[in-house]
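Throughout, read-outs are computed from the coordinates displayed, never taken from laboratory work. These numbers were taken from a predicted model, which means no experiment stands behind them. Cβ placement follows ideal geometry from the backbone for every residue including glycine, while neighbour counts extend to all protein chains displayed.
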Amino acid sequence: MGADRSPKKKKGGTKDMDDLKKEVPITEHKMSIEEVCRKFNTDIVQGLTNAKAAEYLIRDGPNALTPPPTTPEWVKFCRQLFGGFSILLWTGAILCFLAYAIQAATEDEPAGDNLYLGIVLTAVVVITGCFSYFQEAKSSKIMESFKNMVPQQALVIREGEKVTINAEEVVGGDLIEVKGGDRIPADIRVVSAHGCKVDNSSLTGESEPQSRSPDCTHDNPLETRNVAFFSTNCVEGTARGIVICTGDRTVMGRIATLTSGLETGKTPIAKEIEHFIHIITGVAVFLGVTFFILAIILGYSWLEAVIFLIGIIVANVPEGLLATVTVCLTLTAKRMAKKNCLVKNLEAVETLGSTSTICSDKTGTLTQNRMTVAHMWFDNQIHEADTTEDQSGASFDKSSVTWLSLARVAGLCNRAQFKAGQDSLPILKRDVAGDASESALLKCIELSCGSVRAMRDRNKKVAEIPFNSTNKYQLSVHETEDPNDNRYLLVMKGAPERILDRCTTILVQGKEQPMDEELKEAFQNAYMELGGLGERVLGFCHVLLPEDQYPKGFAFDTEDVNFQTDNLCFVGLMSMIDPPRAAVPDAVIMVTGDHPITAKAIAKGVGIISEGNETVEDIAARLNIPVSQVNPRDAKACVVHGTDLKDLSQDQMDDILRNHTEIVFARTSPQQKLIIVEGCQRLGAIVAVTGDGVNDSPALKKADIGVAMGISGSDVSKQAADMILLDDNFASIVTGVEEGRLIFDNLKKSIAYTLTSNIPEITPFLFFIIVNIPLPLGTITILCIDLGTDMVPAISLAYETAESDIMKRQPRNPARDKLVNERLISIAYGQIGMIQALGGFFAYFVILAENGFLPSRLVGIRLNWDDRSTNDLEDSYGQQWTYEQRKIVEFTCHTAFFVSIVVVQWADVIICKTRRNSVFQQGMRNKILIFGLFEETALAAFLSYCPGMDVALRMYPLKPSWWFCAFPYSFLIFVYDEIRKLLLRRNPGGWVERETYY
Amino acid sequence: MSSSPQEQNREQKEEQKEEQKEDVKEEEVKKDMKPEDNQNQNEERKAEKWEENKKEEPKESWKDCIYNPRTGEFMGRTASSWGLILLFYLVFYGFLAGMFCLTMWVMLQTLDDNVPRYQDRVANPGLVIRPHAAEISFNRSDPTNYNQYIQNLHNLLQRYNDSIQERNDLCMVGEYTEQDNEPIKKVCQFKRSMLRQCSGLRDSSFGFAEGKPCIIIKMNRVIGLKPQGDPYINCTAKGDSPLRMQYYPSEARLDKMFFPYYGNKAHADYVQPLVAVQLLLSREDLNVEQTVECKLEGTNLRNDDDRDKFMGRVVFRVKVSE
């Protein structure tokens, strides 16, 4: 799919598009300030004259990004009206009208069925179209609320005076001033700067603020220090510069324009629905043509046969399915919105679930965000942490004095605490207020040493210096447990090497020993080993402050530190990991603007490059051979520099993506990100891209699903994305994956359920044609099933809980795991549907027989039966019937057939609850489903017994016994499918699974 | 993210190298900026090739779809796979057919041979006319024009031939012929000759040749039906001018002795009573379409259903031309 799309896009792309894909054409950074001034006719001190500014403003237009061309509302509406599934229904409706036209032209009194059916089909499409249109309009309203919240201001110097103007009025050549906290209003060439730092992260992805100065430091305008870019932020300092580009001509503007020009492909669910339509159409046309030929052979006229053909094809259209699918997706979208995932496009709801590749620079996406202590090092030994709830897995002596000291330091020098009211929960499941690593420590200590709060109560905190990035440690001072000991205990934790630097002694086997080279060596080895596991290591130390210097009541000043913070005693190391999410697709590609080295380190840290996997460079280093001699196939991981990407051919790119499971792209430009996404799609992957910066937006747009940040994300990225995390919490993505997979499973169930009743709806018509019996089920009753009784149960399946841990599953393979496959059709049409049809026919035969028409009399009766002028049709007992009398019986049969379908659909909805498990394992906890069962029964009873229904819908009251005709068949469906699922579970991969597991 | 100091050292070195490399590359990038178009074209060409490859593949797979010689698959399945699935469906449908037959058999066992379980839908019998047509239109001077009508009437009256009816019993006039418990049900006599001018005996054209056609009205048979009162047929012309009509047997009575009916098994030779109505059209009635409505009256049976225009009544049109 991706393969044929990307070349097309390149071919189709206008010259503008190619131009945008090129790197930035800024040259001003290499000019001297005077040259720049000359170019823009501006003055370095006075700035532009107001006249000039006005002239430039007229020439260049306002300094704002052109909003992406918004699709007109009616186009959006039409897209809902004619997209995907609707086409099937439209075709059906048109065929109906065609059939009616033929009938009207050839018959005196044409049956209105085809006309009604056509009208109903049209109504269904229009109503569902309106529904999804309004649903999406609601999301886009939320989107609009993001836009232009605060009008930007800029400080410009014109005619020597500082004026604050609207950022839109800034023109090229303007002399402007920015200070810390400002948003840079345009691309500017810095002319003077004082400690100015800018945050380019939204543009390049680099997270570190970079300093700006008037000197050209790099040929690349993105790298050089003397250019600051539109919509990036000035973090600190001040700078003055000349505007060189405004609006769409800025670097940011170019990316935004590139983004809005990209075409996006179909969502996976749209492809699945297309595939489904193909299958349904195939079945419909096959059946239609078969019976067309049969009808001709049986001697029907051509016109009659054509009407039959159309009738059969239309009968195959599941009228209610469009609405069901739409409602199911909407429900999921609502559920996700509750968890702060805003889905802009309904169909994108499922996409995350089938995502096989995630391109992300946000490592939080990929891990469970549940830091746990994995190892600790004390007494010169690495111990594995015991994370079991009952502490059964203890691997070390818990009575060791060193351990107790370490636990005390970890417990005291820790600001995390359990949230209240969770005492009944297992420790590992409690919520903690505090940062990830402190929470990990807290849980670890609580598990092994009991209540940390009690420990903290015993050792009252006197002073505390929280962690900051300059000193890279955290310390606190406590009173000791022993009331007679008036000394203070100082505990400290932080980056191991920083902690070690402050220590002169080390605690070994409970004894303080001087830190000698040997012990330092041991520390280094342990540190390296734990670090090599990709774990986050913290060092711990403490000291008992001498009482003579720090007597009781000593005022510890944490601002101006007036106590010793060195000559401490080293206690040990503890290392934590954030386990990668089990469900994260195994192909995670890290795409970042960071340096390769940093990127690789982070990748290793979060397990994108997992333990034991080496890059080509690693192998070369290990074997001491040049990189060129290493077989690239040996390396599973790889780090690709963004600039190398340019030189790669498509094949090479495919090669990299195919042969490496762990890939890190570093220093990537927006264009390169786009290439990466296209590459993955070319290989058949379903790609999710997460990002917040403008630089991510082309990739976001191109991706199968782009996920943007609601708070930190830029407007452009939000426009480009399909999904927005309103609270910026990446854990929501996991919700998205889960919901996506669940809805995919449940849609399968809904479709299986809905399709099944197609068979009992079609077969009556077929038998009507072939064996000339009175019509067992009419159009109105079919519509009552499809759009009435089947709806709520089908929708209720969307509320079904997962059968197994869907997060442990591999993402689905879009080539193999289809929404609707031949096995589903085989089960629904070939097996369950057939049983249902028999149930309906049984009810039909019972009613006719009990009214006097035995089955033997019925065969071949059709022409007389439907002849209005025959008013003395004889039944099996010799009684004679008028047309209207027998039609009432026929319509009673329709009603009974309809009720029978409801009865067998009870069993069907229950078996469709699960695809593998027994219903007894799954339980009947789905309240909506139970409601659905009652609702469909009540509706059926209403349609049958409500006075006036005989005139309105030609449905007649049934005798109570006729309700029970289909019961044996309903029971058979249940038993049959339970047996099938039992065999399925007993023989994994066996014949039953291969043939019937959908 | 912490990493060991040594690693950091190494990283720093690499970083320096990397930066040098980068500088070089950056220059290349600049040079590359123009040739990029070239590269794009290259990519395009490659893509085209790719597409060509793709196009070739489906051809192969299209044939493979029918029969794949490598795997021996026919329509995506091997012979044994086809065998298994077909066998499964054979057994499955066989079982279903068996189950259906069983339930049908059980149901049929519960039925009575002589009386249907429910008769509520035929509680009020319908009326029909012979000849069988909603509009009887003919030229009285052209026998071929009305031959089909009189043929239809002759067919109907075949069973009422006096020779056949003579074998049947004479019953009590004005009384139901109830014989619920008798094993052999007797049949009441209804001779064709009772219809006189409309019997087709003396005038085999049933008056069609004279332009005064006979229409025979019969009431639908319903098992066990016993009309109360004194049922008779009353026909009215719906035109402005009243139409003269002659009923046979006189008074157009449907005698109670012909009820109840016991079904075609027990009451095989039963004939239902008939009423013939002869439309005595005058000269001026010719070439005019006459609409006649006949109703069953004098009983509790309904003849005014909104929907069912044949329940206890019948409407027909007659047009006689010269």
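At a 10 Å Cβ-Cβ cut-off, how would you order A:503, A:912, A:449, fewest neighbours first?
Lowest count first: A:449, A:503, A:912.
Among rounded, prolate and oblate, which fits region A:787-827 when a ≥ b ≥ c are the square roots of the eigenvalues of its C-alpha gyration tensor, a/c under 1.5 means rounded, and a/b larger than b/c means prolate?
oblate
Need the C-alpha centroid separation for region A:517-572 versus region B:158-195, integer Å.
That distance is 123 Å.
For chain A, take the longest principal axis of its alpha carbons; what is the angle in degrees between that and the long axis of helix A:50-60, to the nearest 10 within 0 to 90?
40 degrees
Suppose the Debye formula is applied to equal point scatterers at every Cα of region A:653-721; what is log10 I(q)/I(0) at q = 0.26 Å⁻¹?
With one equal scatterer per Cα and no solvent, log10 I(q)/I(0) is -1.11.
Give me the Debye-computed log₁₀ of I(q)/I(0) at q = 0.11, 0.19 Å⁻¹ for region B:188-306, equal point scatterers on Cα only, no solvent, two decimals.
Values, matching the q order: -0.42, -1.08.
Using r as the Cβ-Cβ distance of residue A:168 and residue A:528, and R0 as 45 Å, what FRET efficiency do you calculate, to the nearest 0.05?
The calculated FRET efficiency here is 0.25.
On a 0 to 90 degree scale, rounded to 10, what angle separates helix A:251-261 from the longest Cα axis of chain A?
With both axes taken from Cα atoms, the answer is about 10 degrees.
Over chain A, consider all pairs of different Cα atoms and compute the Kirkwood hydrodynamic radius from their mean reciprocal separation; express it in Å, one decimal.
Averaging 1/r across every pair of different Cα atoms and inverting gives 33.7 Å.
Rg and Dmax of region A:721-839, using alpha carbons, in Å: what are they?
19.0, 65
For region B:94-135, count all C-alpha to C-alpha pairs, find those more than 14 Å apart, and express that count as a whole percent of the total.
Numbers: 599 of 861 pairs.
It works out to 70 percent of all Cα pairs.
Any chance you could give the angle, 0 to 90 degrees and rounded to 10, that helix A:85-106 forms with the longest Cα principal axis of chain A?
20 degrees
Shielding by partners for B:118-126, please: the mean number of other protein chain Cβ atoms within 10 Å of each residue's Cβ.
Across the residues of B:118-126, the mean count of other-chain Cβ atoms within 10 Å is 6.
Given H placed 1.01 Å from N in the peptide plane, which residues other than close sequence neighbours of residue A:956 have an amide H under 5 Å from its amide H?
Residues meeting the criterion, in which the H sits 1.01 Å from N, are A:895.
Any chance you could check the Cα centroid distance between region B:280-299 and region A:928-998 for me, in angstrom?
With region B:280-299 and region A:928-998 each reduced to a Cα centre, they are spaced 55 Å.
Would you tally the net charge around residue A:498, using a Cβ to Cβ cut-off of less than 13 Å, leaving residue A:498 out, and scoring K and R as +1, D and E as -1?
With Lys, Arg at +1 and Asp, Glu at -1, the net is 0.
So what's the convex hull volume per residue for the Cα atoms of region A:839-998, in Å³?
Value for region A:839-998: 143 Å³ per residue.
What is the sum of charges around residue A:316, taking Lys and Arg as +1, Asp and Glu as -1, for the other residues whose C-beta is under 13 Å from the C-beta of residue A:316? Write out the running numbers ahead of the final one.
Working: positive: none; negative: A:319, A:761, A:786.
My count for the surroundings of residue A:316 gives -3.
Two decimals, Cα atoms only, Kirkwood Rh: what is Rg/Rh over region A:90-135?
That ratio equals 1.16.
How do the peptides B:118-129, A:660-671, A:697-708, A:899-910 rank, highest first, by the average count of neighbouring beta carbon atoms within 10 Å per residue?
A:697-708, A:899-910, A:660-671, B:118-129
At 7 Å along the Cα-to-beta-carbon direction for both residue A:401 and residue A:964, put a label point, then send me their distance in nm to one decimal.
Between residue A:401 and residue A:964, the simple spin-label model gives 8.6 nm.
Measuring from the lowest to the highest alpha carbon on each principal axis, how far does region B:100-214 reach, largest first, in angstroms?
Between the extreme Cα coordinates on each principal axis of region B:100-214 lie 60, 39, 24 Å.
At a 10 angstrom cut-off on C-beta neighbours, averaged per residue, how do the peptides A:76-86, A:30-40 rank from highest to lowest?
Highest to lowest by the protection proxy: A:76-86, A:30-40.
Of the DSSP beta bridges with both residues in the protein assembly as shown, give the percent that are antiparallel, rounding to the nearest 5.
Of the beta bridges lying entirely in the protein assembly as shown, close to 75 percent run antiparallel.
Along region A:884-891, what does the Karplus equation 6.51 cos²θ - 1.76 cosθ + 1.60 (θ = phi - 60°) give for ³J(HN,Hα), rounded to whole Hz, x for Gly and Pro?
Couplings: 5, 4, 6, 5, 4, 5, 4, 5 Hz.
If you take the alpha carbon radius of gyration of region B:239-314 and divide it by 2.2 N^0.38 Å, what ratio comes out, to two decimals?
1.40
Which order results if A:401, A:508, A:45 are arranged by neighbouring Cβ count within 10 Å, fewest first?
The order, fewest Cβ neighbours first, is A:45, A:401, A:508.
In what sequence do B:240, A:634, A:435 fall when counting other Cβ within 10 Å, fewest first?
B:240, A:634, A:435
For residue B:134, what is the net charge nearby, where nearby means another residue's Cβ is under 9 Å from its Cβ and Lys, Arg count +1, Asp, Glu -1?
+1
Over the Cα atoms of region A:214-255, what Rg and Dmax result, in angstrom?
Rg, Dmax (Cα atoms, Å): 10.8, 28.
Other chains' Cβ within 10 Å of A:847-856 residues: what's the mean?
Taking all residues of A:847-856 together, the mean is 4.
Largest first, please: the extent of the C-alpha atoms of region A:443-577 along each principal axis, to the nearest Å.
44, 33, 32
Just for the Cα atoms in region A:602-735, what are the lengths along the principal axes, largest first, rounded to whole Å?
For region A:602-735, the Cα extents along the three principal axes come out at 49, 30, 24 Å.
Could you give the nm distance between label points at residue B:75 and residue B:97, where each point is 7 Å from its Cα heading toward the beta carbon?
Going from the residue B:75 label point to the residue B:97 one covers 1.9 nm.
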